[in-house]
Amino acid sequence: NDPAFPERLSTDLNEAQALFFYTQNIYDSAAYYLERSLGNASNREETARWEYLIAQLHERSDRRDLARSFYEQAIKHTLDPVLDVYARLNAIKQDASDSAALKKNIETLTKMARKGRFTKYRDIIYYAAAQMELERNNTAAARALLLKSTVAASENLNNTQRTKSFLALGDL
């Protein structure tokens, strides 16, 4: 006779439906059902993780506006700096429709890299900006950003990112 039982059952069904559609690679439906159960996340950090997941599902469904919206919601709710950085990077990537948007996104990333709280993630940020420069066919700027990425990766002792950046430089 628990009055919350039907609500919990409904929530469990939404989460089960989301998982079912995800395993079937039907990402828009998975996002829909996960979004319906979003209010039942146990805390702020779990809400942010779910919003990030919903954004990824929308991105896979080619719904870039919705993806950007959920990445931005995840940024607002997260306390985890890693999730914050990747949510920001992915939100920026959603608006890569034209050269002007790419230029604005690159400027946003370079400003982000200068902020003290992102010091540990500068290597990743510069690498992402370099990838966007490559989309604009601006190899000189991409090369400069990749060099910054290698320096930042050395400072952060991130050998994996350093290797990726050097590999991209070698490809150029």
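What is the sum of charges around LEU102, taking Lys and Arg as +1, Asp and Glu as -1, for the other residues whose C-beta is under 12 Å from the C-beta of LEU102?
Summing Lys/Arg as +1 and Asp/Glu as -1 gives -1.
Taking the chain as a Gaussian network, where each spring joins two C-alpha atoms under 10 Å apart, which residue of ALA31, ALA152, ALA140 fluctuates the most?
ALA140
How large is ³J(HN,Hα) for each residue in segment 159-171, as worked out from phi by the Karplus curve 6.51 cos²θ - 1.76 cosθ + 1.60 (θ = phi - 60°), to whole Hz, x for Gly and Pro?
5, 5, 5, 4, 5, 4, 5, 5, 4, 5, 4, x, 5
Evaluate the charge dipole of segment 86-172 about its Cα centre and quote only its size in Debye, nearest 20, assuming +1 on the Cβ of each Lys and Arg and -1 on the Cβ of each Asp and Glu.
Approximately 380 debye in magnitude.
If you take the beta carbon distance between PHE20 and GLU155 as r and set R0 to 41 Å, what does 1/(1 + (r/R0)^6) give as a FRET efficiency, to the nearest 0.05?
The value I calculate is 0.35.
Rounded to whole Hz and in sequence order, give me ³J(HN,Hα) for segment 50-56 from the Karplus expression 6.51 cos²θ - 1.76 cosθ + 1.60, θ = phi - 60°, writing x for Gly and Pro.
Here the 3J(HN,Hα) series is 5, 4, 5, 5, 4, 4, 4 Hz.
With every protein chain kept in place and ligands, DNA and RNA left out, what is the accessible area per residue of segment 62-116? Probe 1.4 Å, answer in Å².
Counting only protein heavy atoms, the per-residue value for segment 62-116 is 56 Å².
Whole-Hz Karplus ³J(HN,Hα) for segment 125-130, in order, using 6.51 cos²θ - 1.76 cosθ + 1.60 and θ = phi - 60°, x for Gly and Pro?
5, 5, 5, 5, 5, 5
With a ≥ b ≥ c the root eigenvalues of the C-alpha gyration tensor of the chain, is it rounded (a/c under 1.5), prolate (a/b larger than b/c) or oblate?
Working: a/c = 2.69, a/b = 2.08, b/c = 1.29.
Note, shape of the chain comes out prolate.
How big, in percent, is the set of alpha carbon pairs in segment 43-114 lying more than 15 Å apart? It would help to have the intermediate numbers written out before the result.
Values: 1300 of 2556 pairs.
Taking all Cα-Cα pairs of segment 43-114, the fraction more than 15 Å apart is 51 percent.
The values are calculated or read from the model by the stated rules, or taken from the named source; none is laboratory data. All values reported here derive from a predicted model rather than from experimental measurement. With ideal geometry, Cβ positions are generated from the backbone for all residues, glycine too; neighbour counts draw on all protein chains shown. Surface areas here come from the heavy atoms of the whole protein model, side chains and all, with no ligands, DNA or RNA. Shrake-Rupley method; radii C 1.70, N 1.55, O 1.52, S 1.80 Å.
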